[in-house]
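Asks: My questions all concern the structure below.
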Amino acid sequence: MAVVNPNAAGIDVGSKSHYAAIGQGLDHVMEFGVFSSDLKELTQWLVENNIDTVAMESTGDYWQNLFAELSRSGIQVCLTNGKFTKNPSRKKTDVLDCQHIQKMHALGLLKASFLPDEATEQLRTYCRQRLNLIESRANRNRKIQKNIKLLNLRLDVVVKDITGLTGMKIIRSIVKGETDPKKLAAMRHHNCRKSEEEIAKALVSNKRLDYMYCLKQEVKLFDYISTQIEEIDHQIAQQINGNINSMAEVVDDLPSEKKHKRLNKNSLKTIDLNIASYQFFGGVDLFEIPGFSYSTVLTLMSEIGPNGLQEFPTSKHFTSWLRLAPDNKISGGRVMSSKVQKGSNRLKVALRNAAYSISKLKDCPLNKFYKKIAFKKGGTKAITATARKLAVIIWNMITKKMPYQSKEKYLFLDQKRKQLSALRKKMVKLGLDPNEHEVFSNKQAQEKWLQKQADNQTISKR
């Protein structure tokens, strides 16, 4: 095999040390530590040996500091998935691994993984931290509800959301020492469906001191996490505005208002994502896609970036990276397996959530597509198929700068046959031959129609 990268090196990334190989001899392998001085020493050793490209596995989080140090020195880094670097031989050591990576990279057999730009990485860090905080607040919400039940305060029965306006106002009054049910019920919001009398009946406590103490602790944690979420929301808004301002060309016009897109309590409220995403993706209005929420668009902005989709040559490459496309294994012309690969990144989860929302819509072409797949293969596979279709739509809209184009109809097979049958009858009445225009779903239907016409002619002659 021809050598594609003559000045290539391979690094076996580890938690406590890194093994680097610049050739296949034992004197071509060196071990380095993981401290900053060790990473600089490793980079200097590669530069002294005229190495211009390096391949390494994306092992945990250990590769990130080394990747940054090598990139700053001007060395091209090929970060690849560990499944592409497996050694077929049974022997496995750190030295053999780094030499095997070096050999494969020299022969050009390793494919680099997708990595967003630095600005998108910073936005991604903030958004992932925000999701972690939202999950932590949800845990506190469950603990608050548990302690309220143990206190025999059945607020969850009379209030839809205990962390809403009415619920939190009553809970904070209980924590401060208020025990009168009528005074607590008077704090209800005017939009609350239950009356003050019904709420007062549910707020008679058993006055357990241990549960009350735990409730106070959980409310403090809930308020603290809510404050942290507000702070990081301002940081995310600042980062998005900075990314938009750094662009060479910013779209001046504004998208249409999306009154049907509702903001929930976990939505980002420090910036108008409808306008920000429109400018972020160069005039592409992703909110026109049915089922897309604010969290879905924010996930796409933070995981891919404004120009990330340009690195995927086709929509098939993008869906394969998301692991939404079937992993076909064909041998001898027969499909051995066509399962979707395991693994879920955050964008895949967001698209699956959007597909689930589409399954609940009415009079929507994507909903009809979902029902068509669900009728054949079930709801789980229909969610995956709809999420894949959404990924294809996103790729076409952003890369080709085109608006969302909704197909009019997705028909079931029996519906198509009925429409084709009606069309053939109309053509016969107009004196046209359907056989010439090939108005048939398949060859068997054409032969069946010809046989029926011959039988009708025979009957008419009799």
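The values are calculated or read from the model by the stated rules, or taken from the named source; none is laboratory data. Here the structure is a predicted model, which is why all the values come from computation and not from measurement. Every residue, glycine as well, gets a Cβ built from its backbone with ideal geometry; the counts of neighbours run over all protein chains shown. These accessible areas exclude ligands, DNA and RNA; they are computed on the full protein's heavy atoms, side chains included. Shrake-Rupley method; radii C 1.70, N 1.55, O 1.52, S 1.80 Å.
Asks: Which condition number in (1) in contact with a helix residue (DSSP H, G or I) (Cβ under 7 Å, 6 or more places away or on another chain); (2) at pLDDT 70 or above is the one that Phe440 fails?
Replies: (2)
Asks: Please verify whether region 119-138 includes one or more residues that are more than 30 Å from Glu69 (Cβ to Cβ), part of a helix (DSSP H, G or I), without any contact (Cβ under 8 Å) to a residue 40 or more places away in the chain and of a type outside the set (Ser, Thr, Tyr).
Replies: Looking through region 119-138, at least one residue is more than 30 Å from Glu69 (Cβ to Cβ), part of a helix (DSSP H, G or I), without any contact (Cβ under 8 Å) to a residue 40 or more places away in the chain and of a type outside the set (Ser, Thr, Tyr).
Asks: Let me ask another. Looking at region 250-258, can you tell me whether even one residue there is surrounded by 16 or more Cβ atoms within 10 Å (Cβ to Cβ), part of a loop (DSSP other than H, G, I, E, B) and in contact (Cβ under 8 Å) with a residue 12 or more places away in the chain?
Replies: Looking through region 250-258, at least one residue is surrounded by 16 or more Cβ atoms within 10 Å (Cβ to Cβ), part of a loop (DSSP other than H, G, I, E, B) and in contact (Cβ under 8 Å) with a residue 12 or more places away in the chain.
Asks: Before we move on, is Lys183 open to solvent by 50 Å² or more (accessible area, probe 1.4 Å), more than 19 Å from Lys146 (Cα to Cα) and among the basic types (Lys, Arg)?
Replies: Against the criterion (open to solvent by 50 Å² or more (accessible area, probe 1.4 Å), more than 19 Å from Lys146 (Cα to Cα) and among the basic types (Lys, Arg)), Lys183 qualifies.
Asks: Let me ask another. Would you confirm whether or not region 267-287 contains a residue that is in contact (Cβ under 8 Å) with a residue 24 or more places away in the chain, hydroxyl-bearing (Ser, Thr, Tyr), touching a Phe, Trp or Tyr at 6+ places or on another chain (Cβ under 6 Å) and within 24 Å of Ile232 (Cα to Cα)?
Replies: Yes, some residue in region 267-287 is in contact (Cβ under 8 Å) with a residue 24 or more places away in the chain, hydroxyl-bearing (Ser, Thr, Tyr), touching a Phe, Trp or Tyr at 6+ places or on another chain (Cβ under 6 Å) and within 24 Å of Ile232 (Cα to Cα).
Asks: How many residues does region 193-217 contain that are in a helix (DSSP H, G or I), closer than 14 Å to Leu155 by Cβ and not hydrophobic (A, V, I, L, M, F, W, C)?
Replies: 4
Asks: In addition: Quick test of your reading of the structure: Gln102 fulfils all but one of (1) open to solvent by less than 50 Å² (accessible area, probe 1.4 Å); (2) free of Cβ contacts under 8 Å to residues at least 24 places away in the same chain. Name the failing condition by number.
Replies: (2)
Asks: With respect to Lys269, is the statement that it is basic (Lys, Arg) and part of a helix (DSSP H, G or I) true?
Replies: When the stated conditions are applied, Lys269 does not pass them.
Asks: Let me ask something else. For region 94-118, how many residues are charged (D, E, K, R) and not in a helix (DSSP H, G or I)?
Replies: 2
Asks: Now, a different point. Assess whether Ile22 counts as being buried (at least 20 other Cβ atoms within 10 Å of the Cβ), touching a Ser or Thr at 6+ places or on another chain (Cβ under 7 Å) and hydrophobic (A, V, I, L, M, F, W, C).
Replies: So Ile22 fails the test.
Asks: Got at least one residue in region 372-391 being more than 19 Å from the chain's Cα centre (by Cα), at pLDDT below 95 and under 27 Å from Phe280 (Cβ atoms)?
Replies: No, region 372-391 has no match at all.
Asks: Being open to solvent by 60 Å² or more (accessible area, probe 1.4 Å) and either within 30 Å of Lys182 (Cβ to Cβ) or part of a loop (DSSP other than H, G, I, E, B) (or both) is the requirement here; does Asn241 meet it?
Replies: no
Asks: Another question, then. Give me the pairs: first residue in region 445-457 and under 15 Å from Ser421 (Cβ atoms), second residue loosely packed, with under 10 Cβ neighbours inside 10 Å, beta-carbon distance under 9 Å, and six or more apart or on different chains, which are they?
Replies: These pairs meet every condition: Gln446/Glu438.
Asks: So, Lys40, is that one more than 29 Å from Met1 (Cβ to Cβ), open to solvent by 80 Å² or more (accessible area, probe 1.4 Å) and in a helix (DSSP H, G or I) or not?
Replies: Spelling it out, Lys40 is indeed more than 29 Å from Met1 (Cβ to Cβ), open to solvent by 80 Å² or more (accessible area, probe 1.4 Å) and in a helix (DSSP H, G or I).
Asks: Exactly one condition in (1) open to solvent by 70 Å² or more (accessible area, probe 1.4 Å); (2) at pLDDT below 75 is false for Gln419; which is it?
Replies: Going through (1) open to solvent by 70 Å² or more (accessible area, probe 1.4 Å); (2) at pLDDT below 75 one by one, Gln419 breaks only (2).
Asks: In this structure, does Lys429 turn out to be farther than 30 Å from Lys342 by Cα, touching a Gly at 6+ places or on another chain (Cβ under 7 Å) and modelled with pLDDT of 75 or more?
Replies: No: the conditions fail for Lys429.
Asks: Still on this model: Mind checking which pairs have a first residue in region 362-385 that is more than 17 Å from Ser406 (Cβ to Cβ) and a second that is in a helix (DSSP H, G or I) and basic (Lys, Arg), Cβ under 9 Å, 6 or more apart or different chains?
Replies: Ile373/Lys381; Ala374/Lys381; Ala382/Lys371; Ala382/Lys372; Ala382/Lys376; Ile383/Arg352; Thr384/Arg352; Ala385/Lys377
Asks: Criterion first (touching a residue at least 24 places away in the same chain (Cβ under 8 Å), open to solvent by 40 Å² or more (accessible area, probe 1.4 Å) and not hydroxyl-bearing (Ser, Thr, Tyr)) does Arg424 satisfy it?
Replies: No: the conditions fail for Arg424.
Asks: Give region 117-151 a look and list any residue that's of a type in the set (D, E, K, R) and buried (at least 18 other Cβ atoms within 10 Å of the Cβ), or say none.
Replies: Result: Arg124, Arg130, Arg137, Arg140.
Asks: Conditions first: (1) farther than 19 Å from Pro403 by Cβ; (2) outside any helix (DSSP H, G or I). Ser295 passes all but one, so which condition is the exception?
Replies: (2)
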